[in-house]
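This report refers to the structure that appears directly beneath it.
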C-alpha cells in the first residue's frame with residue numbers, strides 16, 4: 001500500500017527545518033525557494049501550515065502537461081517529472097490547486113515532492129511530528145487517534161474525579 | 001556577484017549617498033572565522049573612535065555566520081552591533097526569528113549601514129536588488145504595524161521585516177529592533193542607532209539560498225546533529241516536559257532571581273503566581289527561530305493586549321522587577337514594549353529604580369508627571385512605558401538611560417542606581433555567585449552571564465552534584481570552579497572559558513541557548529563545538545577544529561576589548577553596583593554578598609590569566625602578538 005505525507009498543521013511551529021532538509025537533499029543547497037515543502041505562515045505568522053504536493057489520485061498536473069512529462073512512480077506513488085521531457089512551460093504549476101509544483105529558476109524546470117524515494121526527509125526532520133509518512137488507507141485512523149488523545153486529555157479532570 | 005561557499009558576503013550600504021558595496025569576508029576568515037567576529041572587525045576598521053553614537057558616523061552591523069540559513073540546528077540567530085548610545089562602548093545584542101536566514105538566502109552574511117537617510121527611509125533587499133526607499137508613510141507606526149504594512153505594500157507575506165517603533169524613532173537610548181513577530185533585539189540601544197539614521201525598517205527577501213562546499217557531507221552532519229539534539233535530555237526538558245518559563249517560575253526563582261531594583265532575593269507574591277493557568281489559557285503555541293528544534297519561546301495571545309512572543313527576560317522584567325503579580329498586566333506591558341520597540345530589561349529596571357526612589361521619598365509624584373510610582377502600580381508601569389517611548393514628560397529624562405536619569409534626579413538617586421557600564425544588569429542574585437559576577441563586571445550587557453556560570457546556581461540548589469564537580473576538577477583543576485562561595489583561580493579560568501564558549505555560536509550564526517543546553521546534558525562539556533567545527537568545515541571547505549573556534553573566540557574578546565579601549569574603557573569600568581556587596585534581606589542566599597577586596601583580587605587574576613595589564617585591564621601588546629592580532633589591532 002502506498003504511503004504519502006500526512007500534514008498536521010496544528011503541530012507545526014514554523015521552524016522550517018523541513019524546508020532545509022528538503023532543499024539540501026534535492027538540490028545540494030539550503031534554499032527554501034527550491035524546497036518541495038514550504039511552511040506557509042498565516043495571520044502575521046501566528047499560524048503555520050506545511051504545504052507540499054498532495055500526490056492527488058486524479059492529478060491535475062499530469063493532465064495539464066502537454067508533453068506527457070509527468071507520471072506516477074509506481075513504487076512510491078509520487079507524481080514525478082521526467083526532466084528530459086519537461087519543456088518548462090509550467091502548465092502543471094498553473095493547474096495544481098495546492099501550489100504543490102514549483103519552478104526552479106536555475107534549472108528552468110518544474111519540481112515537486114518525490115517522497116524522497118520512500119524516505120521523506122521532511123517527515124524525518126520535523127521535531128514535532130507535523131509531517132508524517134503514513135499508509136494512505138490508515139491516514140484517517142491516525143487523525144482519529146490524534147483527536148481522541150486530545151479528547152482524553154480534556155476529559156482527564158472528569159475521569160480522575162470519577163476515580 | 002557569484003557566491004562562494006568558502007566565505008560570506010558583506011553588504012555595505014551608505015544611507016547618506018545611497019551607495020552599495022559588496023565585499024567578501026575572505027580576508028577575515030583565517031583570524032576571525034565569521035559572524036560577530038567579522039562584524040567587530042568591520043567596526044574596528046570603519047568606525048572612527050569618539051564619534052557620536054547617535055550621529056551619522058556610527059555604523060550598524062548585522063552579523064550572520066557561515067552556518068546561518070542552513071540546515072544546521074538553530075541557524076537563525078543574528079548579532080547586531082554598533083557603538084552603543086547607552087555607554088559609548090561597543091554595543092551588541094542578538095536576536096532570533098527568521099530575518100537572518102532570509103538575509104543569508106538573499107546572499108549576505110553581513111549588512112553594514114553607515115550614514116543617515118536624513119528623511120525616514122527603509123531598506124529593501126531582494127537578492128541582488130538593494131534599494132533605499134522612502135518611509136515617511138511608515139514613520140510613527142509601531143513595530144507590528146510596520147511589518148504588516150510593508151508586507152502588504154510589497155505584496156509578499158514571506159518578506160522578513162526588522163523595524164523600529166516610536167522608541168527607536170525618538171532615539172530612546174535603550175530602544176531595540178523588532179522582528180515581524182515582535183521579538184526585540186533589546187540590549188544596548190541598537191534601535192536608537194537605527195532611529196538616528198532615520199532607518200525605519202529593513203525588509204528582506206532571499207531566494208538564492210546557501211551553497212555548500214560539501215553538500216552531502218553537510219546533510220549527513222546536519223541530520224546527525226539534529227538527531228543528537230532531539231535525543232538529548234535538554235530537548236526533552238524543553239519540548240516535552242515543561243516550557244522553560246515554568247522552570248523559571250517554579251524551580252529556580254528562589255535561589256536565582258533578584259527582585260525590584262536588586263532589593264530582595266525573595267518576593268512572597270512571586271511564588272504564588274500561577275503561570276501554568278496563564279499559559280494554558282493564552283498560549284497559542286510555542287515558537288522560536290529558524291531551523292531550531294528547541295522553539296523555546298511562547299506565542300501568547302491575550303484578549304485586549306494581543307499576541308506576541310516572549311522568552312524569559314520579558315516575564316521577569318514586568319513581574320518581579322517591577323513588583324507586579326498580575327500576569328495579564330505583565331503581558332500588556334510586554335506587548336506595549338514590543339510594539340514601541342523598547343529593551344524590556346532596561347525598561348523594567350528603569351521603572352523599578354523609580355519605584356524605589358518613590359518609596360524612599362527621593363522623588364514624589366510631581367517628579368513623574370503626577371503618577372505615583374508605587375511598587376507594582378499597574379497603571380504607573382504602563383504609563384511609564386508609553387512616556388519613555390515617546391519621550392513625553394519625565395520620559396524625556398528616562399529615555400536617556402537610568403544612569404543619566406539618576407544624575408538628573410540628584411545625589412540621593414545615585415545611591416539607588418544599579419548599573420553595570422550604564423546598563424541595568426541581568427536579574428540574578430549576583431550577591432551569591434562570584435563567577436557570574438565577574439562575567440557581569442567584565443561583560444556588562446553581554447554576554448548573558450548564566451550561560452557560562454549557571455553551574456554555580458545549579459550547585460547551590462538541591463540535586464545531583466557529583467558529575468558537575470568531577471567535570472570542574474577535570475577541566476579547571478578544582479571543584480571551586482563551579483561551586484559558589486569562592487574567588488579561586490579555577491573559577492577565573494571557568495569564566496574565561498565561558499566567555500569563549502558563549503561567543504562561538506555568535507561567530508557561526510547559531511544559538512548559544514541550544515548549544516549550551518546540549519552541552520549541559522552531555523558527558524563532554526565541549527562536545528558540541530566539535531560538531532559545529534565539522535559543520536563549518538563541510539559548509540565552507542575550510543578546515544576547522546574545536547580549538548580553532550576557541551582561538552577565534554579569544555581573538556574576538558581581545559578585539560572587542562581594544563574596540564572599547566579606543567573609546568576610553570579601562571579597568572575602572574569593570575565595576576559592579578554597590579548593591580552586589582550587600583546581602584539581600586530575604587531569600588535562600590540572604591547571608592551572602594560579594595566581598596569588594598576579594599572581587600578586585602579576582603579581577604587581577606582574570607586580567608593576568610587573559611594576558612591583560614592588571615593596571616589598565618587592557619590587552620598587552622605581547623598578548624595581541626600571540627593571538628596574531630599585532631598587525632590588525634593597535635596596542636592600547
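The values are calculated or read from the model by the stated rules, or taken from the named source; none is laboratory data. As the structure is a prediction and not an experimental result, all values here were calculated from the model. Note that we place each Cβ from the backbone using ideal geometry, even for glycine, and neighbour counts take in every protein chain shown.
From the list A:33, A:69, A:78, A:64, which one is at the interface with another protein chain (Cβ under 10 Å from one of its Cβ atoms), within 18 Å of residue A:96 (Cβ to Cβ) and buried (at least 16 other Cβ atoms within 10 Å of the Cβ)? Steps first, answer last, please.
Details: A:69 fails: at the interface with another protein chain (Cβ under 10 Å from one of its Cβ atoms); A:78 fails: at the interface with another protein chain (Cβ under 10 Å from one of its Cβ atoms); A:64 fails: at the interface with another protein chain (Cβ under 10 Å from one of its Cβ atoms).
The unique qualifying residue is A:33.
Within segment B:179-233, take every residue that is assigned to a loop (DSSP other than H, G, I, E, B) and closer than 25 Å to residue B:332 by Cβ and give me the one that is farthest from the other protein chains (Cβ to nearest Cβ). Break it down stepwise before answering.
Let us first name the residues in segment B:179-233 that are assigned to a loop (DSSP other than H, G, I, E, B), namely B:179-183, B:186, B:197-198, B:206-209, B:212-214, B:232.
Going one step further and asking which of them are closer than 25 Å to residue B:332 by Cβ, we end up with B:179-183, B:186.
Working: B:179: 9, B:180: 6, B:181: 5, B:182: 9, B:183: 11, B:186: 20 Å.
The extreme case among them is B:186.
Take the residues in segment B:307-326 that are more than 19 Å from residue B:184 (Cα to Cα) and surrounded by fewer than 21 Cβ atoms within 10 Å (Cβ to Cβ), then tell me which one is nearest to the other protein chains (Cβ to nearest Cβ). If you could, list the steps in order and put the result at the bottom.
Of the residues in segment B:307-326, the ones more than 19 Å from residue B:184 (Cα to Cα) are B:320, B:322-326.
In the following step, the residues that additionally are surrounded by fewer than 21 Cβ atoms within 10 Å (Cβ to Cβ) were identified as B:325-326.
Working: B:325: 26, B:326: 24 Å.
So, considering only residues that are more than 19 Å from residue B:184 (Cα to Cα) and surrounded by fewer than 21 Cβ atoms within 10 Å (Cβ to Cβ), the one nearest to the other protein chains (Cβ to nearest Cβ) is B:326.
Please list, ordered by first then second residue, the pairs with beta carbon atoms under 6 Å, 6 or more apart or interchain, first in segment B:133-153 and within 12 Å of another protein chain (Cβ to nearest Cβ), second in a helix (DSSP H, G or I).
B:143/B:339; B:144/B:339
How many of the residues in segment B:286-298 are within 20 Å of the chain's Cα centre (by Cα), part of a strand (DSSP E or B) and within 7 Å of chain A (Cβ to nearest Cβ)?
Within segment B:286-298, the subset within 20 Å of the chain's Cα centre (by Cα) is B:287-292, B:294-298.
Filter once more, so that each one left must be part of a strand (DSSP E or B): B:287, B:297-298.
From what is left, the residues that are within 7 Å of chain A (Cβ to nearest Cβ) are B:287.
Here the count works out to 1.
Can you give me the number of residues within segment B:262-284 that are part of a strand (DSSP E or B) and either buried (at least 20 other Cβ atoms within 10 Å of the Cβ) or more than 7 Å from chain A (Cβ to nearest Cβ) (or both)? Before the answer, list the steps.
Keep residues of segment B:262-284 that are part of a strand (DSSP E or B), which gives B:264, B:283-284.
Within this subset, residues satisfying the condition of being either buried (at least 20 other Cβ atoms within 10 Å of the Cβ) or more than 7 Å from chain A (Cβ to nearest Cβ) (or both) are B:264, B:283.
Selection size over segment B:262-284: 2.
Does residue B:624 satisfy the condition of being surrounded by 15 or more Cβ atoms within 10 Å (Cβ to Cβ), assigned to a loop (DSSP other than H, G, I, E, B) and modelled with pLDDT of 95 or more? Let's see the steps before the verdict.
Numbers: surrounded by 15 or more Cβ atoms within 10 Å (Cβ to Cβ): yes; assigned to a loop (DSSP other than H, G, I, E, B): no; modelled with pLDDT of 95 or more: yes.
When the stated conditions are applied, residue B:624 does not pass them.
Go through segment B:9-28 and give me each residue that's in contact with a helix residue (DSSP H, G or I) (Cβ under 8 Å, 6 or more places away or on another chain), touching a residue at least 40 places away in the same chain (Cβ under 8 Å) and not in a strand (DSSP E or B). Break it down into steps so the answer makes sense when it comes.
Of all residues in segment B:9-28, those in contact with a helix residue (DSSP H, G or I) (Cβ under 8 Å, 6 or more places away or on another chain) come to B:10, B:25, B:28.
Subsequent filtering for residues that are touching a residue at least 40 places away in the same chain (Cβ under 8 Å) retains B:10, B:25.
B:25 - this is the single residue of segment B:9-28 that is in contact with a helix residue (DSSP H, G or I) (Cβ under 8 Å, 6 or more places away or on another chain), touching a residue at least 40 places away in the same chain (Cβ under 8 Å) and not in a strand (DSSP E or B).
Restricting to segment B:162-178, and then to whatever is at negative phi and surrounded by fewer than 24 Cβ atoms within 10 Å (Cβ to Cβ), can you tell me which residue is nearest to the other protein chains (Cβ to nearest Cβ)?
Applying the first criterion (at negative phi) to segment B:162-178 yields B:162-170, B:172-178.
Now narrow it down to the ones that are surrounded by fewer than 24 Cβ atoms within 10 Å (Cβ to Cβ): B:166, B:170.
Details: B:166: 19, B:170: 25 Å.
Applying the filter and picking the extreme gives B:166.
Could you tell me which numbered condition residue B:86 fails, if it satisfies all but one of (1) touching a strand residue (DSSP E or B) at 6+ places or on another chain (Cβ under 7 Å); (2) outside any loop (DSSP other than H, G, I, E, B); (3) at pLDDT 95 or above?
The one condition residue B:86 does not meet is (2).
Please state which of the following conditions residue B:594 fails to meet, knowing it meets all the rest: (1) surrounded by 17 or more Cβ atoms within 10 Å (Cβ to Cβ); (2) closer than 30 Å to residue B:48 by Cβ.
Just one mismatch for residue B:594, condition (2).
Given the options A:116, A:122, name the one that is surrounded by 11 or more Cβ atoms within 10 Å (Cβ to Cβ), within 13 Å of the chain's Cα centre (by Cα), in contact (Cβ under 8 Å) with a residue 12 or more places away in the chain and at negative phi. Break it down stepwise before answering.
On the way: A:116 fails: at negative phi.
After ruling out the rest, the residue left standing is A:122.
Are there any strands (runs of 3 or more DSSP E) wholly within segment A:48-163 with 3 or more residues that are in contact with a helix residue (DSSP H, G or I) (Cβ under 7 Å, 6 or more places away or on another chain), and if so which?
Numbers: elements: A:70-72, A:79-81, A:101-104, A:109-112, A:131-135.
Once the strands (runs of 3 or more DSSP E) in segment A:48-163 are filtered for at least 3 residues that are in contact with a helix residue (DSSP H, G or I) (Cβ under 7 Å, 6 or more places away or on another chain), what remains is A:101-104, A:131-135.
This table checks each residue for (1) under 21 Å from residue B:32 (Cβ atoms); (2) surrounded by fewer than 24 Cβ atoms within 10 Å (Cβ to Cβ).
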| position | (1), (2) |
| --- | --- |
| B:71 | no, no |
| B:83 | yes, no |
| B:87 | no, no |
| B:90 | yes, no |
| B:96 | no, no |
| B:100 | yes, no |
| B:103 | yes, no |
| B:119 | no, yes |
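Residues that are surrounded by fewer than 23 Cβ atoms within 10 Å (Cβ to Cβ) and in contact with a helix residue (DSSP H, G or I) (Cβ under 7 Å, 6 or more places away or on another chain), at least 3 per element: which helices (runs of 4 or more DSSP H) completely within segment B:393-456 meet that?
Details: elements: B:395-398, B:402-409, B:411-415, B:434-443.
The qualifying helices (runs of 4 or more DSSP H) are B:402-409.
Does any residue of segment B:263-276 turn out to be within 20 Å of the chain's Cα centre (by Cα) and at pLDDT below 95?
Step one: of segment B:263-276, the residues within 20 Å of the chain's Cα centre (by Cα) are none.
Taking every residue of segment B:263-276 in turn, none turns out to be within 20 Å of the chain's Cα centre (by Cα) and at pLDDT below 95.
What about residue A:58, is it farther than 20 Å from residue B:73 by Cβ and either more than 15 Å from the chain's Cα centre (by Cα) or within 9 Å of chain B (Cβ to nearest Cβ) (or both)?
Details: farther than 20 Å from residue B:73 by Cβ: yes; either more than 15 Å from the chain's Cα centre (by Cα) or within 9 Å of chain B (Cβ to nearest Cβ) (or both): yes.
In short, yes.
Could you tell me which residue of segment B:466-476 is farthest from the chain's Cα centre (by Cα), considering only residues that are modelled with pLDDT of 90 or more and surrounded by 16 or more Cβ atoms within 10 Å (Cβ to Cβ)?
B:469
Any residue in segment B:488-502 that is outside any helix (DSSP H, G or I) and free of Cβ contacts under 8 Å to residues at least 60 places away in the same chain? Spell out the reasoning first.
If we filter segment B:488-502 for residues that are outside any helix (DSSP H, G or I), which is where we start, we get B:488.
Going one step further and asking which of them are free of Cβ contacts under 8 Å to residues at least 60 places away in the same chain, we end up with B:488.
Checking segment B:488-502: at least one residue is outside any helix (DSSP H, G or I) and free of Cβ contacts under 8 Å to residues at least 60 places away in the same chain.
Considering only residues that are out of contact with any strand residue (DSSP E or B) (no Cβ under 6 Å at 6 or more places or on another chain), within 7 Å of another protein chain (Cβ to nearest Cβ) and in a helix (DSSP H, G or I), which ones fall in segment A:10-22?
Passing the criteria: A:17, A:21.
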